[in-house]
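Below is one structure, written out as structure tokens, with a few remarks after it.
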Amino acid sequence: MSYQFQFRPYQHPFKQPLKTHHGVWSVRAGILLQLTDAIGRVAWGEIAPLSGFGSETLEQALCFCQQLPPQINQEIITTIPNTLPACQFGFESAWEALNPSQPETVSAVPLSYSGLLSAGELALNQWPDLFRQGYRTFKWKIAVAPIAEELEILDRLIQGMKSPGLDLKLRLDANGGLTFSQAQEWLRVGDGCNRGASVQLEFLEQPLPPREFEELLALGSSYRTPIALDESVATLSQLQACYARGWRGIFVIKPAIAGSPSQLRQFCKTHRIDGVFSSVFETSIGRNAILKLAQELSNPQRAIGFGVSHWLEVDP
């Protein structure tokens, strides 16, 4: 079967720039694509690259879309190269919407969300608003300011979150920006916080860069505070490689840049990994496709990383 193919780029500004160890992000740019089958049914997909995490660039994705004919078939969709993982996700998720194979009952599984906090002191005044919106898990970006400054803010953040009857979780995301000794310091603090505290440091996310995999393995076996891989497992091929090399901790999975949804589904089901599905600030088109995967595959004991609607000028 062939499908009519159309696409258009988009740009959505952030309400305020997102600061991470990678730098400052002000605009989410991507591509929306539309497939129409022979009987007029329409499905949308989204290409939301994140080249800093190892996906193709937006320019490469646009180039790929521009060279396609106005009529495409399943073979074109299933043979998109692995060097274009965001394109793989966008096209295949649109195709799956027209050719569903998963039972609809899967959508009944409830999901909780982790709210993304600003780096630095802004988080101190931000988390109460998110708490009132229902969030009980929060993610805070670190490795943006000097470690002594961030540890002092962390202490204030935890003290502010402590309250009888509350059971809150805090995730620390370093985006690969720590040294080995700094990671040890954060993990020691995490182990101290997790001893009977009402605020649990759920995990330290990507403390070291992906190239330091053996060091990440060593840290993961040395402390009670878990480590989660993110940049190390951005694409499906990276995910498979880290699993093959022995990682059995937490995997933060960004399906929009991981690649083929069907291959990701097969890998997660085969290996029963501890997966936390996470956003790359997609629009609602990409998000809806990812949430279907998350309902099937994400660890139900962990909040998914989709508490980001307060960051974009439009509904993400």
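The numbers here are math on the coordinates, done by the rules we state, and not lab data. Note that the coordinates shown come from a computational prediction; the quantities given were computed from them, not determined experimentally.
Here are a few things to note about the model shown:
- Prolate/oblate/rounded call for the stretch 29-115, Cα gyration tensor, a/c under 1.5 rounded: oblate
- DSSP finds beta bridges in the chain, and of those with both partners inside it, around 45 percent are antiparallel.
- Set of lysines near Lys169 by C-alpha distance (under 22 Å), chain-local residues within fewer than 8 positions excluded: Lys19, Lys139, Lys141, Lys254
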